[in-house]
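Colleague: Dumping the structure here so I can ask a few things about it.
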């Protein structure tokens, strides 16, 4: 049964959304508009377009009104272009239906098809429905990342470029901007500077936040890669490292890749799908840098917690600063682990 059309009333946002729906799907009306999430800079809305041919479930990602974008944010034009280019290489992605225009009156953003599935990591790691998926998911990650990294750079719009030196500089600037002394972070950055690998032979499209919570999963496997907000041109090893950080293992610390399996299986699938041979030491270096980046993000939340957002969510992120310090010391002391 089709959902009833919404009474958009006098609120300009749903009224503009109703016009947008008619533009995307002529003859359709807006239904079930609801906000799914909203960070400091972006909002995600779900809604239905109800038309003669049935109901189409859609998702809007847009800039929060008045928000200042994060310096690392790709921008919605780049996000949409990256999604389309990755999909052309066989990466499962939500289909981009429409990029917002000034005439839409909704700011910056884009509309995609809704993809049904699970994003909660603990359910994917533990629920019986995903038992078969867990056996192949690590290899799927390797294959997906290989496809992302072979996207022709020429088809992409201008975007942020960040190799080894740029990453070190960005961490240095973030540490200098933090009013709280961070001796473990300083120690880790010193290690990273001394052990920095050479710049990559080529810069590739990097997702920038590839992890279990940013993929939609069904019983058969990965259905869509989400959240391309941090996409940039960089070192492919950065993506291979990020998914293996301890925070994304959700307690299954002995299974480095998303709490599901081994780096070796991911690296093998990556090479088998056309990715360059993986240098485990290079990936290890990016794991240290990734833990630094995550730790500094948690530290940024301290100012928010003390200021405009003293929420439980912010407080829980802030307390993870100490976890990042432990992860950094373990990574530096433990050395390279390709298992």
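Colleague: Considering the Cα trace of the stretch 12-113, what is its radius of gyration and what is Dmax, both in angstroms?
Modeller: Taking only Cα atoms of the stretch 12-113, I get Rg and Dmax of 13.7, 43 Å.
Colleague: In the chain, what percentage of the DSSP-assigned beta bridges are antiparallel, given to the nearest 5? Before the final figure, lay out each step's value.
Modeller: Working: 34 of 36 bridges.
Roughly 95 percent of the DSSP beta bridges within the chain come out antiparallel.
Colleague: Over the stretch 12-113, what is the relative contact order in whole percent, taking alpha-carbon pairs under 8 Å and six or more residues apart? Before the final figure, lay out the partial values.
Modeller: Numbers: 172 pairs, mean separation 23.8, N = 102.
Normalised by residue count, the contact order of the stretch 12-113 is 23 percent.
Colleague: Something else now. Comparing 245, 145, 120, which has the greatest mean-square fluctuation in the GNM of the chain with Cα pairs linked when under 10 Å apart?
Modeller: Result for the chain, Cα springs under 10 Å: 120 fluctuates most.
Colleague: Quick check: Cα centre of the stretch 71-107 to Cα centre of the stretch 260-339, how many Å?
Modeller: 26 Å
Colleague: Here's something else I'd like to know. For the residues 176, 127, 235, what sequence is obtained by ranking on other C-beta atoms within 10 Å, fewest first? Mind showing how you got there, number by number?
Modeller: Working: 176 7, 127 14, 235 27.
In order of increasing Cβ crowding within 10 Å: 176, 127, 235.
Colleague: Now for a separate question. Please find, in a Gaussian network model of the chain (springs between Cα atoms separated by less than 10 Å), the residue of 142, 75, 51 whose mean-square fluctuation is greatest.
Modeller: Between 142, 75, 51, it is 51 that shows the largest mean-square fluctuation.
Colleague: May I pose another question? Going by how many other beta carbons lie within 10 Å of each one, how would you line up 29, 311, 291, fewest first?
Modeller: Working: 29 18, 311 12, 291 27.
With the sparsest Cβ surroundings first, the list reads 311, 29, 291.
Colleague: Taking only Cα atoms, what is the 0 to 90° angle, nearest 10, from helix 12-24's long axis to the longest principal axis of the chain?
Modeller: 90 degrees
Colleague: For the chain, take the longest principal axis of its alpha carbons; what is the angle in degrees between that and the long axis of helix 321-334, to the nearest 10 within 0 to 90?
Modeller: 40 degrees
Colleague: Let me ask something additional. Springs between alpha-carbon atoms under 10 Å, Gaussian network over the chain: tell me which of 216, 124, 317 tops the mean-square fluctuations.
Modeller: Greatest mean-square fluctuation among the candidates belongs to 317.
Colleague: Can you compute the helix-only [θ] at 222 nm over the chain? Use -39500 (n - 2.57) per DSSP H run of at least 4 residues, normalise by all residues, nearest 500 deg cm²/dmol.
Modeller: Details: 11 runs with 142 residues, N = 339.
Result for the chain: -13500 deg cm²/dmol, rounded to the nearest 500.
Colleague: To test your reading of the geometry: what angle, between 0 and 90 degrees and rounded to tens, separates the Cα axis of helix 131-149 from the longest principal axis of the chain?
Modeller: Value to nearest ten degrees: 90.
Values quoted throughout were computed directly from the atomic coordinates according to the rules given, and no laboratory measurement underlies them. Bear in mind that the values here come from a model prediction, so they are computed numbers and not experimental data. Backbone-built Cβ (ideal geometry, glycine too); neighbour counts: all protein chains shown.
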